[in-house]
Amino acid sequence: MRRTIAAVVAAAAYVAAIVSGTARPAAESAFTWNLPRGFPAPRVPAGNAMTPEKVDLGRHLFYDARLSANRQQSCASCHEQARAFTDGRERAVGSTGEVHPRNSMSLVNVGYAGVLTWGNPSLTRLEDQALVPMFGDHPIELGLARPGTALLERLREDARYRAMFAAAFPAEAAPFTIDNVTRALASFERSIISARSPYDRYHTDRVQDAISPAARRGEILFFSQPFSCFRCHHGFMMAGATDFEGRQPRAEGGVEFHNTGLYNLAGALSYPPPNTGVYEITQKAEDVGRFKAPTLRNISVTGPYMHDGSIATLDGVLDHYAAGGRTIADGPHRGIGHDNPNKSRTVRGFTLTPGQRADFIAFLNALTDEELLRDPRFSNPWTAPGR
Amino acid sequence: MKIPERRRRLGRAAGTVGALLLATALHASQQTPSTAPATDTTLSVAGDVARPLTLTPAELKAMPRTTVTIVDQGRDVKYTGVLVGDVLARAGASLGREMSGPALSTYVLASAKDGYQVVFSLAELDPAFTTNDIIIADTVDGQPLFDYQGPLRLVAPHDKRGARSVRMLQRLDVVRLRK
């Protein structure tokens, strides 16, 4: 009853504020994407139109440790801007110290990701995905307790958030909801769009000397048949499962996930649990070891690599693919990945000369967008100058 | 490459005038067949054709030009080049009125510098038989192709997938199955 009265009072105050002109009308302002040349418009789900106010709120939430139960971590703890929104760890570590089974994925251009995680084909909306680190307990990440009332109370105490929630959701009398938290987080994440790497200057702006001759040779190798990297890492994202506004579904449907022969354990599961890929969702034997092909943009700063961070360097990744799958000689994960029964037909192995290796690395390094790594639009607003 | 969208430039003459021009061009080409040595930048046409040939980029540029538009990841991309059918005609492949009988079981193997190969039926490359507008492109959006694409790329604008749009195209082999 007390809550109802409070809501009525808040609504009345809100209406009074609009009438007096001290609050924004219940209309959302337009967001300007400033898309890189050649980039299509991102797909934005119905019910969460982009607005500058939502993006700003989402940015504050993203960097706020109050989003973890013990106030130890924020989203940014595992998604650091300087690392293209990854964390530099093999596997992420949650706010209570629990180690996540997976390597943190980059959030750069994540609005174009057709699927959001390494191995869940059904998790396609950033609004839904945000709930996983917030409330998930297997593993614990931010460690919040459902239904999130404590978090909302915590946020409501801050006058800045009271203003920002009201601005971001002007039509709502009671904007402090978990849905709105995830809408704002998703809006900020969708705003992280950048393509200012040397390769972009070469490829989109046609600046011939923007990348080195070695990188240009590496590009040819990347797109050539013997190596076939482009078959999984394709398009402007250099990734599988890219989505955007107006994109037609692939004729064969579904999203691409690949078993690259990273493991080949004896027994029913050739990949070490719990990291068995799409199999975790479908329980189909043919899905064991199938993971998403992540974007290669900014790959030089997003190591360690693979879904479990088990390869430390890009040289190591090249070794893995050159061998057509990784061989682990000893230990609990021993096995010859090349012979994994689910392995993608694309991963057949190849011979790589030292010169070609250097060219590949030069090409991959040319994909790093240095401006993004320090772009103030995506930085921590709580520590920004003037705060 | 998805959802091809035919927006062929109308610079190419149609009808009687166009046919006459093409006939003149082909006649001229028959009198001066190209014998340029095959290199990384040339296109060779061989196999079951009357006049195997090797075309330089300059020779291709001098042929009638066609622009096709494809939709690539949400945006229009324009490729410009020469109809494959025109190149095959210059090599003396069985096209037009000769597109019957054994010609209908003839195929063209398109090969790239990196070893990639795809097949088209000869009929689907014959402008008199279909309107596929499959071209050998040397420019994209008015610029030379990138190193990994070119210098020549076969572009099949009506394919739903780009797999037959062979990058780094180097060779066309015409293979007649029924002699």
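Odds and ends about this structure:
- Residue match in region A:128-151 (condition: in contact with a strand residue (DSSP E or B) (Cβ under 8 Å, 6 or more places away or on another chain), surrounded by 16 or more Cβ atoms within 10 Å (Cβ to Cβ) and among the polar types (S, T, N, Q)): no
- Subset of region A:335-387 [small (Gly, Ala, Ser) and either closer than 30 Å to A:Ser270 by Cβ or in contact with a Gly (Cβ under 7 Å, 6 or more places away or on another chain) (or both)]: A:Gly335, A:Gly337, A:Ser344, A:Gly349, A:Ala362
- Members of region A:62-73 found to be in contact (Cβ under 8 Å) with a residue 40 or more places away in the chain and either surrounded by fewer than 21 Cβ atoms within 10 Å (Cβ to Cβ) or in a loop (DSSP other than H, G, I, E, B) (or both), listed by number: A:Tyr63, A:Asp64, A:Arg66, A:Ser68, A:Ala69, A:Asn70, A:Gln73
- Qualifying positions in region B:59-104 - assigned to a strand (DSSP E or B) and either among the small types (Gly, Ala, Ser) or free of Cβ contacts under 8 Å to residues at least 24 places away in the same chain (or both): B:Arg75, B:Gly81
- Single residue of B:Gln117, B:Gln73 found to be within 17 Å of B:Asp159 (Cα to Cα) and modelled with pLDDT of 95 or more: B:Gln117
- Any helices (runs of 4 or more DSSP H) falling wholly within region A:272-384 and containing at least 3 residues that are of a type outside the set (Asp, Glu) and closer than 30 Å to A:Tyr199 by Cα: A:314-322, A:354-365
- Yes/no for A:Phe230 being free of Cβ contacts under 8 Å to residues at least 24 places away in the same chain, within 14 Å of another protein chain (Cβ to nearest Cβ) and under 30 Å from B:Val166 (Cβ atoms): yes
- The single condition from (1) more than 13 Å from the chain's Cα centre (by Cα); (2) over 27 Å from A:Phe230 (Cβ atoms); (3) modelled with pLDDT under 95 that B:Gly92 fails is (3).
- Filtering region B:132-162 to residues that are at the interface with chain A (Cβ under 10 Å from one of its Cβ atoms), without any contact (Cβ under 8 Å) to a residue 60 or more places away in the chain and under 22 Å from B:Gly115 (Cβ atoms) leaves B:Phe146, B:Asp147, B:Tyr148, B:Gln149.
- Residue match in region B:96-103 (condition: touching a strand residue (DSSP E or B) at 6+ places or on another chain (Cβ under 7 Å), surrounded by fewer than 19 Cβ atoms within 10 Å (Cβ to Cβ) and within 14 Å of chain A (Cβ to nearest Cβ)): no
- Selection count, region A:286-308, where residues are among the β-branched types (Val, Ile, Thr), surrounded by fewer than 23 Cβ atoms within 10 Å (Cβ to Cβ) and either at positive phi or in contact with a Gly (Cβ under 7 Å, 6 or more places away or on another chain) (or both): 0
- A:Leu265 meets all of the listed conditions (1) within 13 Å of another protein chain (Cβ to nearest Cβ); (2) farther than 27 Å from B:Lys113 by Cα; (3) at pLDDT 95 or above but one, namely (1).
- Here A:Gly97 clears all of (1) over 29 Å from A:Thr260 (Cβ atoms); (2) at pLDDT 95 or above; (3) outside any loop (DSSP other than H, G, I, E, B); (4) not polar (S, T, N, Q) except the condition numbered (3).
- Matching residues in region B:163-179 - criterion: being more than 14 Å from chain A (Cβ to nearest Cβ), of a type in the set (A, V, I, L, M, F, W, C) and crowded, with 16+ Cβ neighbours inside 10 Å: B:Leu172, B:Val174
- Apart from one condition, A:Ser270 fits all of (1) crowded, with 20+ Cβ neighbours inside 10 Å; (2) touching a Pro at 6+ places or on another chain (Cβ under 8 Å); (3) small (Gly, Ala, Ser); (4) within 13 Å of chain B (Cβ to nearest Cβ); the exception is (4).
- Taking region A:188-211 as the range and being modelled with pLDDT under 95 and not in a loop (DSSP other than H, G, I, E, B) as the test, the residues that pass are A:His203, A:Gln208.
The values are calculated or read from the model by the stated rules, or taken from the named source; none is laboratory data. All values derive from a computational prediction rather than experimental measurement. Cβ sites come from the backbone with ideal geometry, for glycine too, and all protein chains shown count toward neighbours.
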